[in-house]
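Beneath this line is the structure, given in structure tokens, with notes to follow.
Each reported figure results from applying straightforward, stated rules to the coordinates on display, with no laboratory input. Keep in mind the model is a prediction, meaning the values are calculated, not measured. Here Cβ is always computed from backbone atoms with ideal geometry, including for glycine, and neighbour counts include all displayed protein chains.
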Amino acid sequence: MNADGRTRLNQTPEWTALAKHREELADTRLRDLFAADPGRGTGYTLQVGDLHIDYSKHLVNDETLRLLRELAAATDVFGLRDAMFRGEKINVTENRAVLHTALRAPRDAVIEVDGENVVPQVHAVLDKMSSFADRVRSGAWTGHTGKRIRNVINVGIGGSDLGPAMAYEVLRSFTDRDLTVRFVSNVDGADLHEATRDLDAAETLFIIASKTFTTIETITNATSARNWLLTELKAGPEAVAKHFVALSTNSEKVSDFGIDTANMFEFWDWVGGRYSYDSAIGLSLMIAIGPDRFREMLDGFHLVDEHFRTAPAEANVPLLLGLLGIWYGNFHDAQSHAVLPYSHYLSKFTAYLQQLDMESNGKYVARDGRETDWQTGPVVWGTPGTNGQHAYYQLIHQGTKLIPADFIGFAEPVAELSGELKAQHDLLMANFFAQTQALAFGKTADEVRAEGVPEEQVPHRTFKGNHPTTTILAKELTPSVLGQLVALYEHKVFTQGAVWNIDSFDQWGVELGKVLAKRIEPALTEGTEVPGLDASTTALVARYRELRGR
Ligand code: F6P
């Protein structure tokens, strides 16, 4: 029993039933499941908004799904979901509400935090962002010298970078192609150097994105950006106002940095960094695609929020995807989860999901403060197909690890493509469908032999199959569909954290490294001794200084 009165997860009857069921299914092959049920290919599908979800190629039957839903009921996933949507402080270690869903709520919604309806503030900031974005896009907002803004650089890291950087790539074909939009995150000076080296400072707007406005990488880059701007313009600090805006929850620090808080776009502590790109953190994206497209994206998010909030367990897609992940992670010992988009525009999507999933659910301590003795979040990885097919798919097909994967694809290529580039889309999607087929059903030794393959080569050319995949198919990649996809993964991650009984909304695990870096820096620059530094790190620091000629 837990301190919070809950039975330890892996001692619940629902968990035990799943473990037993897993034993019973040990020899089940996807080939057999499909042979036994001709309707499986259409029956094991769901629709949410524009997303068609095929989960037929999973190692599950109706009983598995029923048992997984019972686990969700026993762990009260929907109870925690409702508490989140109500604005309760479900981020227990930071005593905060978790209300990214309020960022895309309609204007007339009422969502209260500490008795105050937050929806009017959300829309006030969206309106302020829209009018600013319009002014930049139309050329009405000019730089210090009167030139129009042609370059936008978002400076931020983690949740203040990955979301807008990913979404900008995804929606590139919806962007104003006359604007150059770049993202600087790394404290490696090369990042800012490469982002600015070919730009005219007089035409450049910096968006400093930081929830806390204390993140050392961002403040360091922002300071260097300001120095670059003032040097290039040969101007004094009065030039900053036209070239720097801030996205933050911390107006005091913004003002300390020298940015007028009139040029600050606010968000709130109930928005987690990795859940924030549909808040003010999305300003760079809004400038790129325009306020209308941005709002279409928010509507897409909201559609899936409503689905997650109201759909029954049997038809609830985020719940299903979360439970399937638990089935493999906790009952098949899968360690990782691949997300493989068949769209060039989704090249940063998996990197974005890495923070969303791994910073949320990479935890070994449960909400009650005790260690979990069950696996929690998986390693999330992947890059767009077909490139991955020529790199690491070999391991998914014939390696020794079970790697469940999501395949994401679109029926239509983006509208900008024409002629032979448009025609290539069918080849891309043929690969998309072929891969999940090959992964699921493989190729038996007899099938290989029937092709006349010499006997000694048969084992090498045999594919066992039985690799589970989810297929997510939509008609086309639009701002709304992007919002739907991101919300789908947000709520999948939520579901898993709820079952595992961890706080998916804190990130204490990133703190230690930050503190140690601060302690080590003077040792690198000044050679000062760091008390208590271990022998390995001491020697490495000395070697570094020697290599730098210090
Ligand atoms: O170091 C982790 C983290 O706190 C993330 O959770 C966050 O998205 C990122 O740093 C950036 O934080 P901030 O927006 O406060 O600069």
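Note the direction-averaged projected area, equal to a quarter of the hull surface, for the Cα convex hull of the range 491-534, in nm². Working shown, then result.
Working: hull surface 19.0 nm².
Hull-based average projected area comes out at 4.7 nm².
Per-residue HN-Hα couplings for the range 14-28, Karplus 6.51 cos²θ - 1.76 cosθ + 1.60 at θ = phi - 60°, whole Hz, x for Gly and Pro?
Working through the residues one at a time gives 5, 5, 4, 5, 5, 4, 5, 4, 4, 4, 5, 8, 3, 9, 6 Hz.
Please list, by residue number, every one of the GluC sites (Glu not before Pro) in the range 5-75 that is coil in DSSP and has at most 11 other beta-carbon atoms within 10 Å.
Within the range 5-75, no GluC sites (Glu not before Pro) qualify (loop, at most 11 other Cβ atoms within 10 Å).
Assuming R0 = 22 Å, what is the FRET efficiency of residue 314 and residue 82, from their Cβ-Cβ distance, to the nearest 0.05? Mind showing how you got there, number by number?
Details: r = 18 Å, r/R0 = 0.82.
Calculated value: 0.75.
Tell me, what is the percent relative contact order of the chain, built from C-alpha pairs under 8 Å that lie six or more residues apart? Don't skip to the end; give the middle numbers.
Details: 899 pairs, mean separation 102.3, N = 550.
The value is 19 percent.
Under the 0.36 nm per residue contour assumption, what length would be gained going from the current alpha-carbon distance of residue 186 and residue 373 to full extension? Let's see the in-between values first.
Numbers: separation 187, 0.36 × 187 = 67.32 nm, distance 3.53 nm.
That pair, residue 186 and residue 373, stretches by 63.8 nm at full extension.
Distance in nm between label sites at residue 31 and residue 178, each 7 Å beyond Cα in the beta-carbon direction?
6.1
What 222 nm value per residue comes from the helices of the chain, counting each DSSP H run with n ≥ 4 as -39,500 (n - 2.57) and dividing by all residues, nearest 500 deg cm²/dmol?
-14000 deg cm²/dmol
What list of ³J(HN,Hα) couplings, whole Hz, do you get for the range 398-406 from phi and the Karplus terms 6.51, -1.76, 1.60, once you set θ to phi - 60° and write x for glycine and proline?
10, x, 9, 10, 8, 10, x, 9, 9
Given H placed 1.01 Å from N in the peptide plane, which residues other than close sequence neighbours of residue 181 have an amide H under 5 Å from its amide H?
152
Find the percent of Cα-Cα distances in the range 418-518 that exceed 16 Å, and round it to a whole number.
Numbers: 3908 of 5050 pairs.
Pairs farther apart than 16 Å: 77 percent.
For a Förster distance of 30 Å, can you work out the FRET efficiency between the beta-carbons of residue 387 and residue 450, rounded to the nearest 0.05? Numbers along the way, then the final one.
Working: r = 32 Å, r/R0 = 1.06.
Rounded to the nearest 0.05, the efficiency is 0.40.
What translational diffusion coefficient, to the nearest whole µm²/s, does the chain have by Stokes-Einstein, given a Kirkwood radius computed over alpha-carbon pairs, a temperature of 37 °C and 0.692 mPa s viscosity?
Numbers: Rh = 25.4 Å.
This corresponds to a translational diffusion coefficient of 129 µm²/s.
Where in the range 399-414 is the amide nitrogen less than 20 Å from a point lying 7 Å along the Cα-to-Cβ axis of residue 333?
399-405
If a/c stays under 1.5 just call it rounded; otherwise compare a/b with b/c (prolate if a/b is bigger, oblate if not). Do that for the range 16-61, with a ≥ b ≥ c from the square roots of the Cα gyration tensor eigenvalues. Don't skip to the answer; put the middle values down first.
Working: a/c = 3.42, a/b = 1.60, b/c = 2.13.
Judged from the Cα gyration tensor, the range 16-61 comes out oblate (a/c at least 1.5, b/c at or above a/b).
If you average the alpha carbon positions of the range 280-320 and of the range 366-401, how far apart do those two centres end up, in angstrom?
For the range 280-320 versus the range 366-401, the Cα centre distance is 25 Å.
Starting from 0 in steps of 10 Å, tell me what percent of the Cα-Cα pairs of the range 126-276 lands in each bin.
Computed distribution, short to long bins: 11, 44, 39, 6, 0.
Multiply the residue gap between residue 131 and residue 545 by 0.36 nm, knock off their C-alpha separation, and tell me the result in nm, one decimal place. Could you put the intermediate results ahead of the total?
Working: separation 414, 0.36 × 414 = 149.04 nm, distance 5.01 nm.
Length gained between residue 131 and residue 545: 144.0 nm.
Show the residues, 5+ positions off or on another chain, whose built amide H is closer than 5 Å to the amide H of residue 337.
Residues meeting the criterion, in which the H sits 1.01 Å from N, are 379, 380, 381.
Taking the alpha-carbon centroid of each part, what is the distance from the range 253-273 to the range 31-52 in angstrom?
With the range 253-273 and the range 31-52 each reduced to a Cα centre, they are spaced 47 Å.
Given labels modelled 7 Å from the Cα in the Cβ direction, how far is it in nm from residue 514 to residue 148?
Result for the modelled spin labels: 4.0 nm.
Please tell me which of these pairs span more than 23 angstrom C-alpha to C-alpha: 147/253; 89/492; 211/234; 128/242? Intermediate values should be presented prior to the final figure.
Working: 147/253 29 Å; 89/492 20 Å; 211/234 30 Å; 128/242 16 Å.
Long pairs (Cα-Cα over 23 Å): 147/253; 211/234.
Sequence gap at least 6, Cα distance under 8 Å: using those rules, report the relative contact order of the range 1-154 to the nearest whole percent. Intermediate values should be presented prior to the final figure.
Working: 110 pairs, mean separation 16.6, N = 154.
Relative contact order of the range 1-154: 11 percent.
Between residue 66 and residue 433, what is the FRET efficiency for a Förster distance of 35 Å, r being their Cβ-Cβ separation, to the nearest 0.05?
Working: r = 29 Å, r/R0 = 0.83.
My answer for the efficiency is 0.75.
Return the sequence-ordered ³J(HN,Hα) values of the range 409-417 in whole Hz as given by the Karplus equation 6.51 cos²θ - 1.76 cosθ + 1.60 applied to θ = phi - 60°, using x for Gly and Pro.
In residue order, the calculated couplings are x, 10, 5, 9, x, 5, 4, 5, 6 Hz.
With a 10 Å radius around each residue's Cβ, average the other Cβ atoms per peptide and rank 491-498, 78-85, highest first. Write down the numbers at each step before the final one.
Details: 491-498: 25.4, 78-85: 17.8.
Packing order, densest peptide first, comes out as 491-498, 78-85.
Test of understanding: what is the full-extension gain from residue 255 to residue 464, defined as 0.36 nm times their sequence separation minus their Cα-Cα distance?
69.2 nm
What whole number of Å gives the distance from the Cα centroid of the range 131-164 to the Cα centroid of the range 505-541?
35
Just to be sure I understand the model, the point goes 7 Å from the Cα along the line to the Cβ. What's the resulting residue 227 to residue 212 distance in nm?
About 2.3 nm separates the two model spin labels.
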